[in-house]
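So the structure is just underneath, and the comments pick up after that.
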Amino acid sequence: MAYFLQQTINGLTLGSIYGLIALGYTMVYGIVGMINFAHGEIFMIGAFISLIAFTALGLIGITWAPLAIVLVLLIAILFTAAYGWAVERIAYRPLRGSFRLAPLISAIGVSIFLQNYVQLLQGAKLRTLPITVTGGVTLFEQDGFVVRISTIQIAIILLTVSLMGVLTVLIEYTKLGRSQRACEQDMGMAGMLGIDVDRTISLTFVIGAALAAGAGLMVTLYYGSVDFFIGFLAGVKAFTAAVLGGIGSIPGAMLGGLLIGLVEAYWGGYVSGAYKDVSVFAVLILVLTVMPTGLLGKSHLQKV
């Protein structure tokens, strides 16, 4: 029981990161009906910006962990959101009226470009960050096994809950949220009713990138290392989480992320760490076989 609880804590921590990245996929798909395959690289850029910001703050003497984390989060969100806006403005908006495969090809191209861009700027070697947050809480001990939740795990879960709360308020109670819901239902009609569709889509990319920046900060703190390729596998798993939860569903994206994290933790803890990535996709196949729209997805009728 103690070991199971420890793996559950680890899985929820990992799943929180996947869920935040998955939100970017599902928000963009919900409005424009396309998958932003460059989103994993946006997350990777957020992780590198966090690493650089921590280093810069250390050089000027800001080393108190709570203050440094808050400042790094704000810096990462600001710069990563700018990348998200630029990607939408340069690579996606010109192709919005083109055939459906054009944005997909553009997304793959942007993904490759961003990987190589960061590799040239930062190098291919693993970049490490000294331990910033230490300590934790011991929950209980059973047969010599100590169940413990670290301070950084608590911070990751609290940050995820906070960002989800802010996003929920934004979607449900603001003018931007109403515009996003209108564009999701009928983009053409939304434009005729006076909604700035281009601005709404751009801000959706910006919000998704900001959430990815939060996930990048979490990964930097949790693992203490980043490289230019971390966005690929994390992006694939986050996309899997979005599909598992129901692509286009915001609660579904977070639920899918948490489930993916738990499956990965349980498989690595009880079966084999060598095949934990395979287990994620096996669960996806099993769920979609029974529920093709995902756990919280809705089926849409398309008139021809």
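Brief remarks on what is shown
- Among the candidates 23, 5, 12, residue that is among the aliphatic types (A, V, I, L, M) and buried (at least 24 other Cβ atoms within 10 Å of the Cβ): 23
- Residues that are crowded, with 21+ Cβ neighbours inside 10 Å and among the hydroxyl-bearing types (Ser, Thr, Tyr) within segment 241-275 comprise just one, 249.
- Evaluation of residue 275 against (1) among the aromatic types (Phe, Trp, Tyr); (2) in a helix (DSSP H, G or I); (3) in contact (Cβ under 8 Å) with a residue 12 or more places away in the chain (one fails), failing number: (3)
- Of all the criteria given as (1) at pLDDT below 90; (2) closer than 30 Å to residue 95 by Cβ; (3) assigned to a helix (DSSP H, G or I); (4) of a type outside the set (Ser, Thr, Tyr), the one not satisfied by residue 269 is (2).
- Residues of segment 93-141 that turn out to be outside any helix (DSSP H, G or I), farther than 30 Å from residue 3 by Cβ and modelled with pLDDT of 85 or more, as a count: 4
- Selection from segment 43-64 of residues that are surrounded by 18 or more Cβ atoms within 10 Å (Cβ to Cβ) and more than 19 Å from residue 121 (Cα to Cα): 57
- Pairs are defined by a Cβ separation below 6 Å, a sequence spacing of at least 6 or placement on different chains, a first member in segment 280-301 that is under 10 Å from residue 246 (Cα atoms) and surrounded by 14 or more Cβ atoms within 10 Å (Cβ to Cβ), and a second member that is at pLDDT below 80 and not hydrophobic (A, V, I, L, M, F, W, C); the pairs so defined are 293/299.
The values are calculated or read from the model by the stated rules, or taken from the named source; none is laboratory data. For clarity, every value in this text was computed on a predicted model and none was experimentally measured. Virtual Cβ from ideal backbone geometry, glycine too; neighbours counted across all protein chains shown.
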